[in-house]
Every structure is written in C-alpha cells, then in structure tokens.
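Down below is the structure, laid out as structure tokens.
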Amino acid sequence: MSLNRSEKEAVISDVTGLAAKAQTLVMAEYRGITVADMTKLRSTARSNGVSLSVLKNTLARRAVVGSGFEVVSDLMTGPLIYGFSEDAVAAARVVADFSKTNDKLVIRGGAYGGKALDVNGVKQLASIPSKEVLLAQLLGLMQSPISRTARVLAALAEQRGAGAAEAAPAEAVAA
C-alpha cells in the first residue's frame, strides 16, 4: 500500500522528531522474523524507552538529513527496522540482546554522537552498563576510601579502648 504525499510528510516529520531527541540509532535487518517475535521485540523496546519503526528507506534518509544520523544514510537499504533511543545504550542493548536469541535479526549498523557504528561498534555500545549502574559504580568508588578510613579509625579506637580497659585494672591492683 502506497502512501500519499501528506502521509509521507507526516512520517518524515515524526522520524525527524525522533532523531532530534535521540542519541542513538540502530538499524537491523528483520527478514524472516515471525510476527510473535517482532511483537516481543517491540514490547521489550517500548519498556526500555526505545522507539522501533519499520520505515521506507527513502523516507528514513530524508528524515535524518541534517541530524547526527545522516552518516549512516548509505546503510539504509533493504528491509530494516530502525531503533531510536534517548538513552545512549538502550537501542543498541535491546537489538543486540534480541539478536543473540534470534538469528534472523541481523544488526546492520548504527550511529552515536554523529559517528557511524558498524556491527561490532553497536555490540560494544550494547555492552556498556546503563547510566544507573555507572553512577552506582562511581559512588562506590568515591565512598570506598572514606569507608576504609572510617573502618581503620574504628579499629584503632577499639584497640585503644581495649588497651585502656586492660591497663585500668592493673593500676587499681598496684594502688
């Protein structure tokens, strides 16, 4: 079913809006995937804040003109699903995780920060921990020296308290 001009313009404006907000674009070939698997992928993507769309490649190319995703326009061929995410790693993680369990979904590439990513680049981006995990790790690193110092001081205070308690009865007996 062909789209008329106004429908095409609406698709282009929607995708341009997605591209303007997104940090990451991941493209994957979906040839041979069942409807049930595609529904599962879309559900997972939605719960992770990823917008998945099956688009005509010419419309996708027009939509990303002038954005940081224009660098992958030459990869936009064949039956592709486009994943846009505001979180830097969410789209890559959703698509990479799904491709591990379903060999019919083939990652083609992506873009992050105005740079094109190949298949390995997308997989590396997917392996980066989430923002929350990274913040927790940073906080743990920042607290580590402080907590170690507190433990050493507590141990010293405990030793001095035990040493003073032992010395006190000996002095009382001598007096």
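The values are calculated or read from the model by the stated rules, or taken from the named source; none is laboratory data. Since this is a predicted model, take the numbers as computed values, not measurements. Neighbour counts are summed over all protein chains in view; Cβ atoms, including those assigned to glycine, are modelled from backbone coordinates with ideal geometry. These accessible areas exclude ligands, DNA and RNA; they are computed on the full protein's heavy atoms, side chains included. Shrake-Rupley method; radii C 1.70, N 1.55, O 1.52, S 1.80 Å.
Check every one of the strands (runs of 3 or more DSSP E) wholly within segment 71-152 and list those with 1 or more residues that are free of Cβ contacts under 8 Å to residues at least 60 places away in the same chain.
Correct list: 80-85, 115-117.
Quick one: which residue in Ala136, Ala168 is over 18 Å from Val94 (Cα atoms), open to solvent by less than 90 Å² (accessible area, probe 1.4 Å) and either touching a strand residue (DSSP E or B) at 6+ places or on another chain (Cβ under 9 Å) or at pLDDT 85 or above (or both)?
None of the other options fit; the residue is Ala136.
Any idea which residue in segment 13-35 is farthest from the chain's Cα centre (by Cα), counting only those that are in a helix (DSSP H, G or I) and among the small types (Gly, Ala, Ser)?
So the residue we want is Ser13.
Show the residue pairs meeting these rules: Cβ distance below 9 Å; 6+ apart or different chains; first residue within segment 8-36 and within 20 Å of Gln124 (Cβ to Cβ); second residue among the acidic types (Asp, Glu).
Filtered contacts from segment 8-36: Ala22/Glu86; Gln23/Glu86; Gln23/Asp87; Thr24/Glu86; Thr24/Asp87.
I need the full set of residues from segment 36-62 which are within 23 Å of the chain's Cα centre (by Cα), closer than 23 Å to Asp118 by Cβ, surrounded by 15 or more Cβ atoms within 10 Å (Cβ to Cβ) and not polar (S, T, N, Q), in order please.
If the condition is that a residue be within 23 Å of the chain's Cα centre (by Cα), closer than 23 Å to Asp118 by Cβ, surrounded by 15 or more Cβ atoms within 10 Å (Cβ to Cβ) and not polar (S, T, N, Q), then Leu41, Ala45, Val50, Leu52, Leu55, Ala60 are the ones that fit.
Go through Thr34, Thr77, Thr44 for me and flag whichever is closer than 18 Å to Ile12 by Cα and not aromatic (Phe, Trp, Tyr).
Thr77
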